[in-house]
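Quick notes on the structure that follows.
The values are calculated or read from the model by the stated rules, or taken from the named source; none is laboratory data. It should be emphasised that the depicted structure is a prediction, and the values quoted were computed from it without experimental measurement. Note that we place each Cβ from the backbone using ideal geometry, even for glycine, and neighbour counts take in every protein chain shown.
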Amino acid sequence: MITNQALANRNKPGGNGQEPTNMQRRIFMGGALAALLSPSGRVLAEENHRGPENPFIVLLKGIYQSVAAADAPADNLGLKTVTLSDGTYSRTRIYPVFGILEGNDQDKPIGTFYFGGPNANLCAYDLPRGAIAMKFNDPPTGVPPELGFNNFSTLPFPDGQGGSYLEGTFELVILEATGIYRDFQGGHNHMVDRLHQLANLSLDEFCFCNISQYQFP
């Protein structure tokens, strides 16, 4: 039961120790709101929610490593159209080139690229604050294979050390996108690839990816 005296004490400044706490809370919240509404605060809030440019460009670079089930992301990057733990995938690193907020240092990797799938035609990008799954388009009928369109050219270039360079361009459809990349779902990726097959059959990737929200004509 609340007595009149207790009620009176509660209404007095400092009667039960709550007033200073409430005042401090109001001061803190007011300061936080002022910081958010300031020009620098608005910029920070916008950057935390803003997606990359449309299009943005990343570079896949480095020697591919196979992905065992134990090494795959535990949550499959939150994607449903790929299964990165099925033993068919290999991975290499992703570097920023253009249009991505975490791209201030082009020598520092920002994510991981996974390639594989049951028909070796799927891939996934593990990027800052989201992920993207894609599918490679089939090579067009009637196009000479030596042109390397949606495939590697049948005319590899020897590297002089027992290996060779495989070159080609690839078109991919974006099946799924999460986080700040969700607006890219249904979009397109144009790859320009120069894959170095070493003498020991390892594959050293060097591939530019132009990722856009619009579909390929």
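Details
- When Pro118 is tested against (1) out of contact with any Leu (no Cβ under 9 Å at 6 or more places or on another chain); (2) more than 22 Å from Ser90 (Cα to Cα), just one condition goes unmet, and that condition is (2).
- Only listed residue being at pLDDT 95 or above and touching a Ser or Thr at 6+ places or on another chain (Cβ under 8 Å), chosen from Asp86, Asp126, Asp75, Asp159: Asp126
- Looking only at segment 169-217, residues that are in contact with a helix residue (DSSP H, G or I) (Cβ under 6 Å, 6 or more places away or on another chain) and of a type in the set (Ser, Thr, Tyr) come to 1 in all.
Condition check ((1) buried (at least 17 other Cβ atoms within 10 Å of the Cβ); (2) assigned to a loop (DSSP other than H, G, I, E, B)) across all residues:
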residue	(1), (2)
Glu146	no, no
Asn151	yes, yes
Leu155	no, yes
Gly160	no, yes
Gly168	yes, no
Leu175	yes, no
Arg182	no, no
Gly186	no, yes
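- Search result, residues across segment 110-128 that are assigned to a loop (DSSP other than H, G, I, E, B) and within 24 Å of Gly87 (Cβ to Cβ): Gly117, Pro118, Asn119, Ala120, Asn121
- Counting only residues that are charged (D, E, K, R) and under 19 Å from Glu205 (Cβ atoms), segment 95-153 holds 4 of them.
- Residue check, Gly142 more than 22 Å from Tyr89 (Cβ to Cβ), surrounded by fewer than 16 Cβ atoms within 10 Å (Cβ to Cβ) and either of a type outside the set (Asp, Glu) or more than 18 Å from the chain's Cα centre (by Cα) (or both): yes
- Residue list for segment 65-82, restricted to those being closer than 28 Å to Leu201 by Cβ and surrounded by fewer than 18 Cβ atoms within 10 Å (Cβ to Cβ): Gln65, Ser66, Ala68, Ala69, Ala70, Asp71, Pro73
- Subset tally (residues that are charged (D, E, K, R), within 18 Å of Arg129 (Cα to Cα) and not in a strand (DSSP E or B)) for segment 64-100: 2
- Residue within segment 47-56 that is modelled with pLDDT under 95, surrounded by fewer than 21 Cβ atoms within 10 Å (Cβ to Cβ) and at positive phi present: no
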